[in-house]
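Heads up, the thing below is written out as structure tokens.
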Amino acid sequence: QCDNAKGLKAFYDAIKYGPNHLMVFGGVCATVTSIIAESLKGWNLVQLSFAATTPELADKKKYPYFFRTVPSDNAVNPAILKLLKYYQWKRVGTLTQDVQRFSEVRNDLTGVLYGEDIEISDTESFSNDPCTSVKKLKGNDVRIILGQFDEEMAVKVFCCAYDEEMYGSKYQWIIPGWYENLWWESWINSSQCLSKNLLAAMEGYIGVDFEPLSSKMIKTISGRTPQQYEKEYNAKRGDGQSSKFHGYAYDGIWVIAKTLQRAMKYLNATNKHQKIEDFNYTNHKLGKIFLDAMNETNFFGVTGQVVFRNGERMGTIKFTQFQERKEVKVGEYNAVADTLEIINNSIRFQGLEPPKDKTIIQEELRKISLPLYSILSALTILGMIMASAFLFFNIKNRNQKLIKMSSPYMNNLIILGGMLSYASIFLFGLDGSFVSEKTFETLCTVRTWILTVGYTTAFGAMFAKTWRVHAIFKNVKMKKKIIKDQKLLVIVGGMLLIDLCILICWQVVDPLRRTVEKYNMEVCP
């Protein structure tokens, strides 16, 4: 536990009773560190922390003399942005525990994603029960969830995710990667979740955290590779508990050494009479020299390239994935070079490919089946060939007695009407998949006219012939009655005139328009 009073007392006692200190190294507790860092300008003291990760300390107006070798909690956000771009995820949601540490990271993430063509479609926060927030995320069709919460809340979140079926091939959880090994075992008893269900929901989540030690096998400023340093560190600490900040503390000592070295070189080159031993808490000039020398830090340490930007460490962020009950490193982000490296075939997604960032709705035009249209067109062509054969037969034999008695002109009208009706079948089969929108509207009108005129011509002629038989046999006196074909043509013409009047009025007053009808959504097979 952090004791602000004891920490501040130790600092002020060192200032008052101890020798003149050139720098302050340390500050693990965020609260103590922030209070000390805010007051250092008055003593012209540069502070270097190796463990304080709170984003608040990045405010250079408030903490101008503060540096840290460990990346800020906010340093994961550019790495997350790079990961989202790598998998082309453009729609995400956030789930944040109501604690200042997590809220600050979430707020910074909003700024990082702004202007990057990535939409935060839902922002949810919770205090103790995350289930309501998880349900809202699902209701808003959020598939990529960026979480900020501690281990205890993580168990509750994944239990809710299991209940809501927000896991598997359609979802990707991205959460803090600084949890302890087997962290869920400490909190599983406090939840209503079965262990197998919790592990099923956790499978595949990606954790994001700073890299404790560099994975590069090259010599550092100390002459050791990071792997050699780790081996020596583990040998010396024995059975003692390890801290993930040990590499940052080690590099911190080198930062201070190199800073003082640069300051001494500067003093030797510019002022032969002044030395770093002359520093006191009122010596603003020397304090500024130390500050500038610290800003020029640039070397390869056991934690990677040590470079400061506005006092903030540009470090390496690692990505791990939960695979079969263990964390597996799958990639890393280099903040100095702004590059993301994914280890080949290390990421295992639950499906055949990375999850989509939303339900993809593909608008598909419902169209007439091409095989069906082809079959009906072939049958229509056969019908038209047959009608043409009848028409040819009727014209060729029009002077024969039996054909002449059946009114060949009326027969021809019936055949022509039938052929027009046949022709409309071709037009009715041409839907939006074959023709443009403008052409489709024209076709709507044309096929209506053709079918109407064809029907009236065929059945009008048939009606006229039937009427003539009726008129002759209704003659009870059996007087000779002749009804010529010309009169029948007038009847058919009258019917067509009525049709044309209706069609013209329809076209003028309320012409046919193309409309799009939306059907219910269906699951793509």
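The values are calculated or read from the model by the stated rules, or taken from the named source; none is laboratory data. Values in this document were obtained by computation on a predicted structure and should not be read as measured data. Neighbour counts run over all protein chains shown; Cβ positions are idealised from the backbone, glycine included. To get the accessible areas, we keep the full protein, side chains included, count just its heavy atoms, and leave off ligands, DNA and RNA. Shrake-Rupley method; radii C 1.70, N 1.55, O 1.52, S 1.80 Å.
Computed values, structure above
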| item | result |
| --- | --- |
| The lone exception for L267 - which of (1) in contact (Cβ under 8 Å) with a residue 24 or more places away in the chain; (2) over 43 Å from the mean Cα position of the chain (by Cα) it fails | (1) |
| Matching entry among V157, V134 (being open to solvent by less than 60 Å² (accessible area, probe 1.4 Å), in contact (Cβ under 8 Å) with a residue 60 or more places away in the chain and in a helix (DSSP H, G or I)) | V157 |
| Contacts under 6 angstrom Cβ, first residue in the range 192-213 being over 19 Å from L84 (Cα atoms), partner part of a loop (DSSP other than H, G, I, E, B) and open to solvent by 10 Å² or more (accessible area, probe 1.4 Å), 6 or more apart | A201/Y167; P212/K244 |
| Matching helices (runs of 4 or more DSSP H) fully within the range 1-105 where at least 2 residues are open to solvent by 50 Å² or more (accessible area, probe 1.4 Å) and under 25 Å from A335 (Cβ atoms) | 76-86 |
| Out of T457, T466, sole residue that is modelled with pLDDT of 90 or more, hydroxyl-bearing (S, T, Y), over 30 Å from E517 (Cα atoms) and in a helix (DSSP H, G or I) | T457 |
| Condition check for S388: open to solvent by 40 Å² or more (accessible area, probe 1.4 Å), within 60 Å of the chain's Cα centre (by Cα), polar (S, T, N, Q) and more than 19 Å from V469 (Cβ to Cβ) | no |
| Count of the range 331-352 residues which are open to solvent by 100 Å² or more (accessible area, probe 1.4 Å) and either touching a Cys at 6+ places or on another chain (Cβ under 9 Å) or farther than 16 Å from S214 by Cα (or both) | 4 |
| Subset of the range 254-272 [of a type outside the set (S, T, N, Q) and out of contact with any Leu (no Cβ under 9 Å at 6 or more places or on another chain)] | W254, A257, K258, R262, M264, K265, Y266, A269, K272 |
| Only one of A235, A293, A257 that is aliphatic (A, V, I, L, M) and open to solvent by 60 Å² or more (accessible area, probe 1.4 Å) | A235 |
| Residues of the range 422-454 classified as in a helix (DSSP H, G or I) and among the small types (G, A, S), total | 4 |
| Filtered residues of the range 353-378 (kept if assigned to a loop (DSSP other than H, G, I, E, B), over 17 Å from the mean Cα position of the chain (by Cα) and in contact (Cβ under 8 Å) with a residue 24 or more places away in the chain) | L365, R366, K367, I368 |
| Qualifying positions in the range 189-246 - under 27 Å from S72 (Cβ atoms), at pLDDT below 90 and hydrophobic (A, V, I, L, M, F, W, C) | none |
| So Y248, is it open to solvent by less than 10 Å² (accessible area, probe 1.4 Å), among the aromatic types (F, W, Y) and under 26 Å from I360 (Cα atoms) | no |
| Residue within the range 395-414 that is open to solvent by 100 Å² or more (accessible area, probe 1.4 Å) and in contact (Cβ under 8 Å) with a residue 40 or more places away in the chain present | yes |
| Test: residue in the range 437-447 that is touching a residue at least 40 places away in the same chain (Cβ under 8 Å) and over 23 Å from C505 (Cα atoms) | yes |
